[in-house]
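Input: a single structure, listed below in structure tokens.
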Amino acid sequence: MSVSTAVFYLVALLTIVSAGMVAFSRNIIYSAFSLLGTFMGVAGLYIFLGADFVAAVQLLIYVGGILVLILFAVMLTHRITDVAITNRAAGRIPALIVTGGLVYMLIQTVKTTPWIKAKEVVFAATTAKIGDAFLYEYLLPFELASLVLLAAMIGAVVLSRKEIKE
Amino acid sequence: MQPSELSSYLIIGAILFALGLFTVLTRRNAISVLMGVELILNSANINYVAFSHFGSGNSAGQIYAIFVIMLAAAEAAVGLAIVLAIFKLFHTIDVEAAETMKD
């Protein structure tokens, strides 16, 4: 087994084990911090797939932005002392049956489908290509994305501010 | 399971999707439900980037993945603001407690 295969197994294990912690942990702080492991593992998988820019974006936005936001929300909505009982779960066994059946079906589908593969798989720097695509082919969605982000930001501020009654 | 095979990435994506769905189905805490949604979005992103790398060879899948990450950021901001508003109103973020539209 070569070094890269071993690293791949390690990254895949990190992703799945910490995602399992998110799903099964009884403490919401543990759930939030194991989300960090999942995001890092997914960024590692992107690097294995030759997507360097997407991996950097994943680290910046998910780990630097969304995870901090989630931690802030956890801290703001719980008293730290009763943190052990705040991550209640219900209906675990039916959910386990449904998702277990689903994952079995998905894995069987993945294994039996003859996927079309490219003739050669290239590993090249992608940042310049993605920048070009954003400013030519995907210019309208790119501008719409900035509008959506602005609207989401204003909406979040309006939703979470304190109302001042005259 | 090899790093040079498409199916290993798709299997990881499927497991991640199932764990995210399990989180969304079972949790009664609104923030945990949002965490499950993030797991599901990440699994979809893995599939996008894997198909882009092994299938077409162009970067369209990576661009879609970046758009998904962008929408996930917007979703997290608005979702957590709604969670904070619910907490102010009901003093709990149990999704079953918040079942009325007005107070």
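Observations, loosely collected:
- In segment A:44-79, of all residues being assigned to a loop (DSSP other than H, G, I, E, B) and at the interface with another protein chain (Cβ under 8 Å from one of its Cβ atoms), the one that is surrounded by the fewest Cβ atoms within 10 Å (Cβ to Cβ) corresponds to A:Gly50.
- Any hit, segment A:89-97, residues being modelled with pLDDT under 90, closer than 30 Å to B:Ile86 by Cβ and assigned to a loop (DSSP other than H, G, I, E, B): yes
- Residue list for segment B:1-32, filter: farther than 13 Å from A:Ala19 by Cα and more than 7 Å from every other protein chain (Cβ to nearest Cβ): B:Met1, B:Ser4, B:Glu5, B:Ser8, B:Ala30
- Checking each residue in segment A:12-43 for being of a type in the set (A, V, I, L, M), surrounded by fewer than 21 Cβ atoms within 10 Å (Cβ to Cβ) and modelled with pLDDT of 90 or more picks out A:Leu13, A:Leu14, A:Ile16, A:Val17, A:Met21, A:Leu36, A:Met40.
- Among all residues of segment B:90-101, there is none that is assigned to a helix (DSSP H, G or I) and at the interface with another protein chain (Cβ under 9 Å from one of its Cβ atoms).
- Scanning segment B:1-24 for residues that are modelled with pLDDT under 90 and not small (Gly, Ala, Ser) gives B:Met1, B:Gln2, B:Pro3, B:Glu5, B:Leu6.
- Answer residue from segment B:1-26, given it is without any contact (Cβ under 8 Å) to a residue 12 or more places away in the chain and farther than 30 Å from A:Thr5 by Cβ and is surrounded by the most Cβ atoms within 10 Å (Cβ to Cβ) among those: B:Thr26
- Close pairs from segment B:78-103: first among the aromatic types (Phe, Trp, Tyr), partner modelled with pLDDT of 80 or more, Cβ under 8 Å, at least 6 apart: B:Phe87/A:Leu76
- Any chance B:Ala50 is free of Cβ contacts under 8 Å to residues at least 40 places away in the same chain and within 7 Å of chain A (Cβ to nearest Cβ): no
- Filtered residues of segment B:55-70 (kept if under 12 Å from the mean Cα position of the chain (by Cα) and more than 7 Å from chain A (Cβ to nearest Cβ)): B:Val68
The values are calculated or read from the model by the stated rules, or taken from the named source; none is laboratory data. These numbers were taken from a predicted model, which means no experiment stands behind them. Cβ atoms come from the backbone with ideal geometry, glycine included; neighbour counts cover every protein chain shown.
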